[in-house]
Structure formats: C-alpha cells, structure tokens
1. Sort out which residues of segment 101-137 are loosely packed, with under 13 Cβ neighbours inside 10 Å and modelled with pLDDT under 90, and write them in order of number.
2. So, L19, is that one in a helix (DSSP H, G or I) and in contact with a Leu (Cβ under 9 Å, 6 or more places away or on another chain) or not?
3. Among the residues of segment 139-155, is any in a helix (DSSP H, G or I), assigned by TED's automatic domain parsing to the domain that holds A206 and at pLDDT below 90?
4. Test each condition in (1) touching a residue at least 40 places away in the same chain (Cβ under 8 Å); (2) buried (at least 18 other Cβ atoms within 10 Å of the Cβ) for L59 and report the one that comes out false.
5. What pairs come out if I take residues in segment 35-54 that are under 15 Å from H260 (Cβ atoms) and pair them with residues that are small (G, A, S) and surrounded by 15 or more Cβ atoms within 10 Å (Cβ to Cβ) whose C-beta lies under 6 Å away, six or more apart or interchain?
6. Scan segment 69-82 and give yes if some residue there is surrounded by 17 or more Cβ atoms within 10 Å (Cβ to Cβ) and farther than 29 Å from V225 by Cα, otherwise no.
Amino acid sequence: MPRFNHRLEQLFAATVTSLTVAALLTLLFIIGFILKESLLIFQQVAPLDFLFGREWRPLSPQVRLGLWPFLTASLAVTALALLLALPVAIGAALFLAFRCPPRLRRSLLGLINLLAGIPSVIYGFIGIMVLLPLFERWFGMSSGDSLLAGGIVLAVMILPFIIATSSESMAAAARGHLQASRSLGVSQGYMLRNLVLPAARFGILAGSILGVSRAMGETMAVMMVVGNSPLPPTALLERVQPIPSLIALEIGSAPLGSLHYHALFGAALVLLLMLLAINLFFYFLRQRLSG
C-alpha cells in the first residue's frame, strides 16, 4: 500500500509538471506566432509611426496604419472600468467578509462566481438593450454607443474577480485582528479602515490584475457598445474602438498575407506587450508595498 501511494504521488507530480510545461509551451507558441506574423508590418512601417500614427486607412491608395486611436481607447476603457468597479468591489467584499450572515455569504459568493462565467456576448446584449437606450434618453444622444457605455459593461464583467479575491483576503486579515480589536474595544469601522484594508491590499491588487487582464482583452461585449469609431478618446460620451474590436472586425476581411493582415497581427502584438507591461507594473508595485 505505501508503494502504491508513492507511485500515485509520483504520477500526480509528473502530471502537474507536464501540464505546466504544456501551458508554458502554448504561451511561447502564441507569442512566437504573433511575433512572426507581425514582423512584416514593422519592416514596412516604422514602429513609432505604427504606434503613434493617428490614421488607420489600410485599404486606401496611400496606406496609413496608425494604432494610436485604438491603443488609447483600450487604455481608456480599461482604466474607466477599473475606476468604476474597484470601489463597488471593495464595498461588496467588506460586506461579504464582515456583515453578511454565513449562509447568505455562501449563496452570494456562488452567484458572484456565476457572473464570471456568463458569456461576454450576454453582457454586450444587455448593454445594447438596457444601457444604450438609457444614455440616449438621459444625454440626448442619437446613439448611446460610447466610451462610458463600454466602461460600465466592462466594470460589471470584472467585478466578480475583484470581489472574490478581495473578500478572501479581508476574511483572512480579519482572523488576525478581530479578536484583538474586540479585546481592546476598537470599533469595527476603525478596524476595517486601519487594519483590514491595509492587510488585504495584496488581495485587492491581485483582483485588480485579474480584472485589468480581462478588461484589456475583452472583445465582444465592448465591440457591441462602444460604437467602433477609430478616433482617440476625448470625452466619455464619444465613440471609440479598442484594439480587440479592431482585430475582431477586420481580420475576416483582410487578405491573407497582405499588409493589412500583418498590421492586425502587429496590433495584437502591441496589445500583448501592453498586458505584459501592466502586469509587470502591478508586480513591482506589489514588491514595493511588501518591502
């Protein structure tokens, strides 16, 4: 029996190692494929012109391939989503960790986790049917498609990730401070502000990283509500087009091997590098906070 358990442990360890290596190789293949398909565009167009150019005209006689409107739109809609979602997520996490009865907490956490699994097209459809008509009525817009609509839809989509990780971190922090705070007569509000929230900052940061990664690469829901106009974002109620929407809308009509085709892969490479840079920023921020 001990020999069987030892072999079982070896099999489990080998399986986990194999899956880890497979995941790493898959990631390297994706990066290598995108890099290979995007090299041509950087041979034809200078990288700085590609990044900071303000015109996207891949089919005109004088081709213009500037990614700046789409790049800034991706950053703007992601930042807006995080700005809207973070206060709500922290408040919901505090409620789940300290105010919610245990039985209700389990039910609410199950529903929150269910929200994370809803297909993005459902969020986009609800945005079209509910959010855009409200914008048309409230702001007198001919069409409610806008940066603000995309930010609100994305904020709802990333809420489950931030709430789940933040509530777990807050509950763990509370176990270390609750008894001592009660013994000293410290109010719960003071404990939450000055003890729990600082101790749970790493969980909140981890949830923010997950939320930003989800928001930056989201395609369908955003594409359905932002209007898809290739203009730099200058106001919340203007139409924009993030990089994922650009790729999804044009990759089907770009001839294989054309400059347009390789430019879209170049846009995908820029999006990938942006995600990497944001994750590295959060990593170094966490290291600085922990130090």
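1. Hits for segment 101-137 are P101, P102, R103, L104, R106, S107, G110, L111, L114, G117, P119.
2. no
3. Yes, segment 139-155 has at least one match.
4. For L59, the failing item is (2).
5. Listed pairs, sorted by first residue: S38/G266; I41/A263; I41/G266; G53/G66.
6. No, segment 69-82 has no match at all.
Every residue, every condition in (1) within 15 Å of L84 (Cα to Cα); (2) in contact with a Cys (Cβ under 6 Å, 6 or more places away or on another chain); (3) modelled with pLDDT of 75 or more; (4) in a helix (DSSP H, G or I), yes or no:
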site	(1), (2), (3), (4)
G189	no, no, no, yes
L192	no, no, no, yes
L197	no, no, yes, yes
I204	yes, no, yes, yes
G207	yes, no, yes, yes
G211	yes, no, yes, yes
A215	yes, no, yes, yes
V222	no, no, yes, yes
V225	no, no, yes, no
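Results for (1) touching a residue at least 24 places away in the same chain (Cβ under 8 Å); (2) surrounded by 17 or more Cβ atoms within 10 Å (Cβ to Cβ); (3) not in a loop (DSSP other than H, G, I, E, B), shown as yes or no for each residue.
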{"site": "P230", "(1), (2), (3)": "yes, yes, no"}
{"site": "L236", "(1), (2), (3)": "yes, no, no"}
{"site": "P244", "(1), (2), (3)": "yes, yes, yes"}
{"site": "S253", "(1), (2), (3)": "no, no, no"}
{"site": "L264", "(1), (2), (3)": "no, yes, yes"}
{"site": "L276", "(1), (2), (3)": "no, no, yes"}
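The values are calculated or read from the model by the stated rules, or taken from the named source; none is laboratory data. Source: prediction; values computed, not measured. Cβ: placed from backbone, ideal geometry, glycine included. Neighbour counts: every protein chain shown.
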